[in-house]
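Worksheet: one structure, shown below.
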Amino acid sequence: MESLTDEERGFRQTVICYNIVIKALARSGDMNSIKYAERIVERLERRTDLRPDTTTYSSLINCCAYYNGPAEGRREALDIALRTFNKLCDADGEGPNNVSYGTLFKSINNLTSVGQGRNELLRKLFQQCCQEGQVDGFVLSQLRNASTADLFRELVAQPIGVSGAKGEANIKMLLRKLPPRWSRNLRRKQ
């Protein structure tokens, strides 16, 4: 794709082409695919005519979430996911969105074991997500999967006044009770 001209290729090269490749790499669950996807993003970051967007970074984070290799690779996959998320936060442009946050929660769930470090990371990221106004059903479901029941209760249910395990598990009900500021920056479907 990169070696051909637009005429030879038959289409104009856009960031969407790279996003598709990264998404396809994610399905392999292999650390080499994660590293290859990260190199693609790094190449895009060096270009002046084509830049990675929020979808590009989120796709790389998702690639990390799908890692299913040996345990020693989990830490490296998580490091890549967190490094990518931090780049997204620091990048000029849109910054992280609901998909970025939800996918990072998915990565944390798949790549770490339950413990204090995981809880602190989830707590910090969810607070940032709320401040950025990016909480939606995907974020809540991925946070619930990654959290202990007590942590999910602390972060979501108690602040919005929901009690009881049945109510805490019902994402649709939680969404109806969310403070508007938690989801104020979500892109609405047209």
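For region 51-127, rounded, prolate or oblate, judged on the Cα gyration tensor with a ≥ b ≥ c (square roots of eigenvalues), a/c < 1.5 rounded, else prolate if a/b > b/c? Intermediate values should be presented prior to the final figure.
Numbers: a/c = 2.21, a/b = 1.39, b/c = 1.59.
Oblate is the answer for region 51-127, as a/c is 1.5 or above yet b/c matches or exceeds a/b.
Of the solvent-accessible surface of the chain, computed with a 1.4 Å probe and all protein chains present, 48% belongs to carbon and sulfur.
Okay, helix-only estimate at 222 nm for the chain: each DSSP H run of n ≥ 4 adds -39500 (n - 2.57), divide by all residues, round to 500 deg cm²/dmol; what do you get? Intermediate values should be presented prior to the final figure.
On the way: 11 runs with 120 residues, N = 190.
Calculated from helices alone, the mean residue ellipticity at 222 nm is -19000 deg cm²/dmol.
For region 65-175, just say rounded, prolate or oblate: build the C-alpha gyration tensor, square-root its eigenvalues into a ≥ b ≥ c, call rounded for a/c under 1.5, and beyond that prolate if a/b exceeds b/c, oblate if not.
Note, shape of region 65-175 comes out oblate.
How would you classify the chain from its alpha-carbon gyration tensor, with a ≥ b ≥ c the square roots of the eigenvalues: rounded for a/c under 1.5, else prolate if a/b is greater than b/c, otherwise oblate?
Here the chain falls in the prolate category.
Projecting the Cα atoms of 16, 26, 185 onto the charge dipole of the chain (Cβ charges, centred on the Cα centre) puts 185 farthest toward the positive pole.
Sparse packing (at most 12 other Cβ atoms within 10 Å of the Cβ) combined with a DSSP loop state is found for the following GluC sites (Glu not before Pro) in region 1-84: 2. For the pair region 72-136 / region 1-71, the C-alpha centres are spaced 19 Å from each other. Model label sites at residue 112 and residue 172, defined 7 Å from Cα along the beta-carbon direction, differ in position by 3.2 nm.
Given charges of +1 on the Cβ of Lys and Arg and -1 on the Cβ of Asp and Glu, with all other atoms neutral, how large is the dipole of region 1-97 about its Cα centre, in debye to the nearest 20? All intermediate terms of the calculation are to be shown ahead of the outcome.
Details: 14 positive and 16 negative charges, 50 e Å.
The calculated dipole for region 1-97 is roughly 240 debye.
Placing unit charges on the Cβ atoms only, positive for Lys and Arg and negative for Asp and Glu, gives the chain a dipole magnitude near 800 debye about its Cα centre. Separation of the alpha carbons by more than 21 angstrom is noted, of 106/172; 23/87; 23/124; 23/106; 35/106, for 23/124. Of the chymotrypsin sites (Phe, Trp or Tyr not before Pro) in region 3-101, the ones in a loop by DSSP (not H, G, I, E or B) with at most 16 other beta carbons within 10 Å are 11.
The values are calculated or read from the model by the stated rules, or taken from the named source; none is laboratory data. What you are looking at is a predicted structure, and each value in this text was computed from that prediction instead of being measured. In this analysis, Cβ positions are derived from the backbone assuming ideal geometry, glycine residues included, and neighbour counts consider all displayed protein chains. Areas reflect the complete protein model, heavy atoms only, side chains present, ligands, DNA and RNA absent. Shrake-Rupley method; radii C 1.70, N 1.55, O 1.52, S 1.80 Å.
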